[in-house]
1. Please get the size of the charge dipole for the range B:4-75, origin at its Cα centre, with Cβ charges of +1 on Lys and Arg and -1 on Asp and Glu, quoted in debye to the nearest 20.
2. What value in Å³ per residue do you get for the convex hull of the alpha-carbon atoms in the protein assembly as shown?
3. For the pair B:Arg87/B:Asn71, report the inter-label distance in nm, with labels modelled 7 Å from Cα in the Cβ direction.
4. Can you tell me how much longer the chain between A:Lys163 and A:Lys231 gets when fully stretched, taken as 0.36 nm per residue apart minus their C-alpha distance, in nm with one decimal?
5. Just to confirm the number: angle between the C-alpha axis of helix A:196-212 and the first principal axis of chain A, 0 to 90 degrees, nearest 10?
6. Only Cα pairs within less than 10 Å get springs; with that Gaussian network setup on chain B, which residue of B:Thr42, B:Thr100, B:Thr56 has the largest fluctuation?
7. Kirkwood-based Rg over Rh for the range A:2-212 (C-alpha set), two decimals?
8. Whats the longest run of chain B with zero GluC sites (Glu not before Pro) that are DSSP loop and have at most 15 other Cβ atoms within 10 Å?
Amino acid sequence: MVNPRNCYQNYNVAINDSDRTIYTYMGALEPRRENASYCSAGQLSPLLNDPHYDTIGVGTRVWLAGAHGHVYAEGTQHAGACERTADGVPMEGAGTLALTADMKQMRPEFVRGVSFRGYGVSLAVGVGVPIPILNPDVLKRTCVRDRDIMAPVVDYSSDYPQKTGRVIGHVSYEQLRGGEIEIEGCKVTVGSLSSYYKALEIANLLADEVRRGDFLLAEPNAPLPKDRAMKPLEIREKAS
Amino acid sequence: MSDTVTKKLMLFFPKCECEKPIIYHLVKDYDLVVNVYRAKVTPEEEGYLVLDVTGTEEHINNGMDFLQTFNVTINTTGKGVTRDDQRCTHCGQCVSHCPTGALSIGDGATREVVYNEADCIECLACIRVCPFGACSSAF
């Protein structure tokens with residue numbers, strides 16, 4: 001299995017400002033901000049625990065759906081140069097990883113076909129990345145909590161497809177996990193797409209394998225780019 | 001007056017029983033309060049019905065005996081909407097779409113999604129939004 005984009009380091013919280021339901025890769029978004037959807041495991045997401053890519057790089061061994069694989073490159077749309085908090089935590093979608101592992105060693109439980117009504121299909125995979133505690137700074141960054149990670153709220157009816165870059169506001173993953181966020185004074189119920197439950201299970205499975213000596217760490221042989229910005233596809237000519 | 005109880009039922013009516021006013025008799029003759037969640041008649045003219053019946057234990061039992069005089073299949077576990085625990089990844093997408101909180105985050109630490117079937121009103125929103133196809137309907 002070769003996955004060109006996994007482990008998005010933070011991501012948008014999607015809402016719908018229009019007056020009809022839209023069907024997106026963030027799920028069904030009801031009109032007039034009736035619901036919101038987010039998709040990061042927050043404090044358990046690998047790249048949010050290593051925000052500056054100090055330990056995770058090309059060559060890092062990873063747990064991919066139960067198989068032992070590795071990071072073969074930065075993922076597509078990797079953009080480490082992004083808005084960050086004072087602690088260096090990205091406040092929007094930032095780094096991504098390109099991963100590979102032997103599918104025959106994977107556990108079906110962690111490789112799941114998904115279907116979004118009105119949008120299409122995708123694949124959900126479980127990923128664990130070990131972070132060696134090499135110094136106090138690395139340790140401090142792995143102690144990141146949901147309350148310290150902010151996600152941008154973006155309107156998927158117009159701003160996202162039209163790439164305006166407008167962010168309505170920021171909310172923390174602690175607020176998101178509470179099931180309700182406040183956007184411009186209005187309360188909005190919120191659902192997740194990434195499974196925190198499975199992320200916790202994977203963290204424990206990987207930790208057990210490391211302790212038993214079954215999972216061996218590898219030093220990266222090249223770093224992930226830190227200063228690359230997002231370069232979206234500009235459509236120059238309309239198809240006739 | 002003795003205490004009333006509420007029982008959730010799922011009924012299956014084969015074609016031959018579909019045109020009989022069975023629920024009317026439960027109300028009129030057995031003094032039961034009925035609350036229908038969902039009903040469907042298939043193109044083959046078979047009928048499905050999920051409902052609550054409320055009344056005294058005696059009235060409910062008599063009503064059940066009456067139902068059994070018809071060719072109606074009675075499922076007292078009333079599971080019109082089920083969740084496949086093997087398919088559910090506990091992502092929580094359904095939680096924001098569930099109007100009654102039947103699907104909710106149970107344990108704050110593990111973020112496990114629990115399904116309390118008793119609170120389900122069978123709106124079927126979870127079936128439409130679950131990316132993993134974990135929720136399904138009996139009919």
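Read-outs: derived from the displayed coordinates by stated rules, not from any lab. Just so we're clear, the structure is a prediction, and the values are computed from it rather than from any experiment. Every residue, glycine as well, gets a Cβ built from its backbone with ideal geometry; the counts of neighbours run over all protein chains shown.
1. Around 220 debye, computed over the range B:4-75.
2. 209
3. 3.1
4. 23.3 nm
5. Result, in degrees: 10.
6. Of the options given, B:Thr42 has the highest mean-square fluctuation.
7. Using Cα coordinates only, the ratio equals 0.96.
8. Here the longest run is B:46-139.
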